[in-house]
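Remarks on the structure that follows.
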Amino acid sequence: NVIVFGSNSTIAKSVINKLALENCNFYFFAREKNQLELQINDLKVKYPGINVSAEVYDALVDGGKILEDKIGQAFEHLGRVDLVFIAHGNLPHQATCEDSWQDASDALRVNGLSVIEICHNVVRRLK
């Protein structure tokens, strides 16, 4: 049973396809609802024996209690979690981050602090 953050990223899609060959069940988190739905439908056609669920997750918005609840829901849905794969993030424009603290702060939130927050929430449940 696998939880994937950033399931629509290229690297996550590659890992998911390899794990799906082993009949893993998945719980996906990604920003774009439409892409999540397409991804789930595609996997269900390719690998009809697996169970796939998903939740929209935006690292800039879904922190604190919201993230804690979403991760709790994923653990509850899967029952047992064997792997949590974090492949979300963004590639901000360097010059924009240099000129704007807000853009730099957003990049740090998405690419750094959100990963730490996910790990903090996951580790507590894996004890």
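Pairs Lys13/Lys70; Lys18/Lys65; Lys18/Lys44: which exceed 23 Å Cα-Cα? Too far apart for the 23 Å limit: Lys18/Lys65.
Magnitude of the Cβ-charge dipole of the range 47-92, K/R +1 and D/E -1, about the Cα centre, nearest 20 debye? Before the final figure, lay out each step's value.
Working: 3 positive and 7 negative charges, 18 e Å.
So the dipole magnitude of the range 47-92 works out to roughly 80 debye.
In whole Å, how far is the Cα centre of the range 79-127 from that of the range 18-49? The two parts, judged by their Cα centres, are 22 Å apart.
So what's the back-of-envelope 222 nm ellipticity for the chain, counting only DSSP H runs of four-plus at -39500 (n - 2.57) apiece and dividing by all residues, rounded to 500? Before the final figure, lay out the partial values.
Details: 6 runs with 67 residues, N = 127.
The helix contribution divided over the chain gives -16000 deg cm²/dmol.
Taking GluC sites (Glu not before Pro) in DSSP loop states with no more than 15 other Cβ atoms inside 10 Å as exposed sites, the chain has its longest site-free stretch at 33-127. Taking a point 7 Å from the Cα of Ser14 along the Cα-to-Cβ direction, the residues of the range 89-127 with backbone N closer than 19 Å to it are 89-91. Using heavy atoms of the protein chains and a probe of 1.4 Å, the accessible area assigned to Asp69 is about 80 Å².
Protein heavy-atom surface of the chain, 1.4 angstrom probe: 54% of the accessible area is carbon and sulfur, with nucleic acids and ligands not counted. Accessible surface for Thr96 stands near 60 Å², nearest 10, in the context of the full protein assembly shown (1.4 Å probe).
The values are calculated or read from the model by the stated rules, or taken from the named source; none is laboratory data. Keep in mind the model is a prediction, meaning the values are calculated, not measured. Neighbour counts run over all protein chains shown; Cβ positions are idealised from the backbone, glycine included. Only protein heavy atoms, including side chains, enter the accessible area calculation; ligands, DNA and RNA are left aside. Shrake-Rupley method; radii C 1.70, N 1.55, O 1.52, S 1.80 Å.
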